[in-house]
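The values are calculated or read from the model by the stated rules, or taken from the named source; none is laboratory data. All values reported here derive from a predicted model rather than from experimental measurement. Please note: Cβ atoms are built from the backbone with ideal geometry, for glycine as well, and neighbour counts cover all protein chains shown.
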Amino acid sequence: MNRVKAYFFANMSHELRTPFVGIVGFSELLSESLQNPEEKEMANQILKSSKRLTETLNKILNVTRLEFDKLEVKLRDIDVIEMIDQLKILFSKSASAKNISIKTKISQDEIVVKTDGRMLDEMITNLLNNAIKYTQDGFIDISAETIVRENKNYLLLKVADTGVGIPKNKQEIIWKEFRQVSEGMNRSFEGTGLGLTIIKKYVETLSGKITLESEIGKGSTFVIEIPVEIVSKKEVNKSKEIVLKQTQNNIEIKSRKPKILYVEDDVIALSYVDKVLKAFYEIDTAFNATIALELANKNIYEAMLLDINLGKGIDGVELMQMMRKINGYNKIPIVAVTAYAAESDRLEFLAKGFTHYLSKPFTSVELRGMLGKIFNS
């Protein structure tokens, strides 16, 4: 039954994410192109609803992955203050819409630690999401510091709000999958009840702990404590400078559009990507592997984007391996464009020979940004 459940969610991921490329993509394009304020707002509402559905899907799939897959911790140097500042900017618009101010309280000049950046980012993101959702007005405080206990370094993070608060008799269930303080027909807030479950699993994976202090009508404070290794910011900045110099040295000024191939069995996704990229790239599209191989043998492409699930016949991984055998394509950038969106999926596709990875659904900014990095433009 566990295997059936895992396969079900993997299939659902593909079947839901692929049509979301069209829904999110075309509503984004409509929003950018429409001039009538009322029509523009309707397009924005479609985009907003699509993103909410995507976030819900992501949380359900994340919990499923956490249940069946062993989490791989990827340690890297993280500038915690920089991460918090970026997330504060990201959430400022939704907070100000409810007259909520987001404040940061950081007494240290720098907090650079070695930890799993993706998990840390998602933990703070979920806590900020909840804080804004359950606060009608007032403020949200984010604080961070490093402490030493028993000769070990710890990162201490706090997210406090002036929201509705959580009653004592409900403070245990909020960590459980799909559970919320407000449940059933009379529930007061939207959401899956998975955010805190995911946070707790991440914290425990990093050998840390999360605690809650809350009072009805006065708000809640979530405290995360995880063991870390302290890193000098000078070393991090030195690494960034080296990467920047390497990038600058590799930039080649091009007067023509780079030629790329996009292979995808979903017609709507093909149409969307073509519209987004045609102003910047010379793009050919293929509906299946057979057409893609014919085009690759007739043309010279500087990059390829391959969907993984191409329906009948050859899949994206097999197609990539066949492309690599064609003269001139053994080293070009080939992107896995896929609805398999877990971190383990990304690592698997990169290990198999893809140079880049893009999960569905994606926005035009994400797509152009990735190709911009590939072509240093």
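Give me the pairs, please: first residue somewhere in the range 31-47 and assigned by TED's automatic domain parsing to the domain that holds Val21 and under 19 Å from Pro19 (Cα atoms), second residue anywhere and of a type in the set (Ser, Thr, Tyr) and in a helix (DSSP H, G or I), beta-carbon distance under 7 Å, and either six or more positions apart or on two chains.
Pairs found: Ala43/Ser27; Ala43/Ser31; Asn44/Ser31; Ile46/Ser27; Leu47/Ser27; Leu47/Ser31.
Restricting the search to the range 53-81, which residues are modelled with pLDDT of 85 or more and surrounded by 15 or more Cβ atoms within 10 Å (Cβ to Cβ)? Don't jump to the end; show me each part of the working.
Narrowing the range 53-81 to residues modelled with pLDDT of 85 or more: 75-81.
Hits for the range 53-81 are Asp77, Ile78, Asp79, Val80, Ile81.
Being of a type in the set (Val, Ile, Thr) and farther than 21 Å from Ser220 by Cα is the filter; apply it to the range 82-130 and report the residue that is modelled with the lowest pLDDT. Spell out how you get there, then give the answer.
Of the residues in the range 82-130, the ones of a type in the set (Val, Ile, Thr) are 84, 89, 100, 102, 104, 106, 111-113, 115, 124-125.
Retained after the next criterion (residues that are farther than 21 Å from Ser220 by Cα): 89, 111-113, 115.
Numbers: Ile89: 88, Ile111: 93, Val112: 93, Val113: 93, Thr115: 93.
Filtering the range 82-130 for residues that are of a type in the set (Val, Ile, Thr) and farther than 21 Å from Ser220 by Cα, the one modelled with the lowest pLDDT comes out as Ile89.
Please determine, by comparing only the residues of the range 256-277 that are in a helix (DSSP H, G or I) and of a type in the set (Val, Ile, Thr), which one is surrounded by the most Cβ atoms within 10 Å (Cβ to Cβ). Full working, then the answer.
Filtering the range 256-277 down to residues in a helix (DSSP H, G or I) leaves 267-277.
Now drop any that are not of a type in the set (Val, Ile, Thr), which leaves 267-268, 273, 276.
Details: Val267: 11, Ile268: 15, Val273: 23, Val276: 21.
Within the range 256-277, the match that is surrounded by the most Cβ atoms within 10 Å (Cβ to Cβ) is Val273.
Tell me, which strands (runs of 3 or more DSSP E) wholly within the range 278-362 include 1 or more residues that are under 22 Å from the mean Cα position of the chain (by Cα) and of a type in the set (A, V, I, L, M, F, W, C)? Reasoning before the result, please.
On the way: elements: 282-286, 303-307, 334-338, 356-359.
The qualifying strands (runs of 3 or more DSSP E) are 303-307, 334-338, 356-359.
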